[in-house]
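The values are calculated or read from the model by the stated rules, or taken from the named source; none is laboratory data. Keep in mind it's a predicted model, so treat the numbers as computed, not measured. Reconstructed Cβ throughout: ideal geometry from the backbone, glycine too, with neighbour counts over all protein chains shown. Calculation scope for accessible area: heavy atoms of the full protein, side chains included, ligands and nucleic acids excluded. Shrake-Rupley method; radii C 1.70, N 1.55, O 1.52, S 1.80 Å.
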Amino acid sequence: MTRILFLAFVSIIISGCTGSRAVLWHGPNSNPASVAVANAAIIKPAQPASVVPVYVATSRQRSDDFSMPYNAKRSDKLNFSRVDIGIPKSHVKGVVEKTGYKPDPAKHFAAVSFQPFDNSQIFVNQLNQALDQHSAKDQELLIFVHGYNNNFADSTFRAAQFTHDYGLKSVTVHYAWPSAASLGLYVYDRDSANFARDGLAELLKLASKTKAKRILLVGHSMGSFVTMEALRTLALNEERTALNRLTNVLLAAPDIDLDVFEKQVKDVKPLPPMAVLVSRNDSALNISGRITGGHSRVGDGSSIETLQKYGIAVLDASTVDGGDHSVFASSPTLMALVSDGSLSFNTLKGEGQTSGQAILADGTNVITGAASMVIYLPGRILTAAATGFQQ
């Protein structure tokens, strides 16, 4: 009993969740496939401040409830859809305003529409149509892979929030893997992460067939494990086209055993340009390390030199806006650095000039402020600092 209570306590900390469990929308149970008219189902007229289209590929099973159209069960085949997410008028950057009862579009994230797609070819065609609506320089796919203890609404809202708050012009694609979304089912989620790697590998192959000029892949927490396993699957199967089409990979607070990660990296050839966001103040990863026998997690900030050895850039966010488990999506400092051009994927590759609040440093020269971030590049250190930003 003591062990069970301890694991439940650990799960609460690792989850990083706040508030009630999200629902996509609130309404009568109905089968989206049967209600869809012209392959689209309008859930309810809403008055959000803005709307972010999220294209979904998921290894979750379909549900018959609009409030959660995909459940926690594992699907042998990918399901595809588009969900338009309304951003509320009262939205605060870095926050996902949600409720488990009845979302108010003026106060909460909520789905405006849900459109299932019958097969992968329709999904690719829809992505190409979305890319056609962007200028040539902005024809970019952002693929987001969520972490532990997320239901479908939680993770889809996070994908929309990340896109909206960073002002990204990308077409947003969300890979939703079958997390149980339950505090006590960490092991189920770990098994589901293993199960989900083939689905993400399939999605990356589909993305490589689109007309996107750039493909960015972002994995958070346990989703970073799914990401690395998918890359490893592609490499071992010699699916180099999909790997070569990846412009950049960002692992945010990766919940991966360091030894396992090193094996993954060695198997992934070619390794796409990669960056890892770490924090020594990430309590979730610190506890994850303890329950796995004291093994370091890639995101806990203890193995920066090892990551550099493999040519991976490292963003140390230990002192950035608290440096918690979700700092990658919640930090106003990071948003500001991206907005003014100080932090970009070209910066992480050591290309071009930095601007605003970022400078190249010699490893000893550090700018201090209310919040600071150190970016370790292979061979040199970039220190970026930002002051005066408030949550």
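With S155, S135 as the choices, which residue is without any contact (Cβ under 8 Å) to a residue 60 or more places away in the chain and crowded, with 24+ Cβ neighbours inside 10 Å?
On the way: S135 fails: crowded, with 24+ Cβ neighbours inside 10 Å.
Matching residue, one of S155, S135: S155.
With the requirement that a residue be surrounded by fewer than 24 Cβ atoms within 10 Å (Cβ to Cβ) and part of a strand (DSSP E or B), what does the stretch 219-249 give you?
Listed by number, the list holds a single entry, N248.
Quick one: which of D189, D255 is of a type in the set (D, E) and modelled with pLDDT of 95 or more?
D255
Six or more apart or on different chains, Cβ under 6 Å: which pairs go from a residue in the stretch 98-111 that's within 12 Å of V51 (Cα to Cα) and surrounded by fewer than 23 Cβ atoms within 10 Å (Cβ to Cβ) to one that's of a type in the set (G, A, S) and modelled with pLDDT under 90? Could you list them?
Matching pairs, first to second residue: P105/A46.
Name the strands (runs of 3 or more DSSP E) wholly within the stretch 73-186 that hold at least 1 residues that are closer than 23 Å to D321 by Cα? Write out each step before concluding.
Details: elements: 110-117, 140-145, 171-176.
Once the strands (runs of 3 or more DSSP E) in the stretch 73-186 are filtered for at least 1 residues that are closer than 23 Å to D321 by Cα, what remains is 140-145.
Select, from S75, S63, S81, S67, the only residue that is at pLDDT 85 or above, in contact with a Leu (Cβ under 8 Å, 6 or more places away or on another chain) and within 23 Å of F144 (Cα to Cα). Give the steps one after another, and end with the answer.
Values: S75 fails: in contact with a Leu (Cβ under 8 Å, 6 or more places away or on another chain); S63 fails: in contact with a Leu (Cβ under 8 Å, 6 or more places away or on another chain); S81 fails: in contact with a Leu (Cβ under 8 Å, 6 or more places away or on another chain).
The match here is S67.
Just need a number here: residues in the stretch 289-338 that are open to solvent by 10 Å² or more (accessible area, probe 1.4 Å), β-branched (V, I, T) and under 14 Å from P254 (Cβ atoms).
Residues in the stretch 289-338 being open to solvent by 10 Å² or more (accessible area, probe 1.4 Å), β-branched (V, I, T) and under 14 Å from P254 (Cβ atoms): 3 in total.
Among the residues of the stretch 259-271, count how many are out of contact with any Pro (no Cβ under 9 Å at 6 or more places or on another chain) and buried (at least 18 other Cβ atoms within 10 Å of the Cβ).
Of the residues in that region, 4 qualify.
Please enumerate the residues belonging to the stretch 300-347 that are more than 22 Å from Q161 (Cα to Cα), assigned to a helix (DSSP H, G or I) and at pLDDT 85 or above.
Once the filter is applied, which keeps residues that are more than 22 Å from Q161 (Cα to Cα), assigned to a helix (DSSP H, G or I) and at pLDDT 85 or above, the stretch 300-347 yields D300, I304, E305, T306, L307, Q308, K309.
Please state which one of D189, D198, D165 is in contact with a Phe, Trp or Tyr (Cβ under 7 Å, 6 or more places away or on another chain) and more than 13 Å from L142 (Cα to Cα).
None of the other options fit; the residue is D189.
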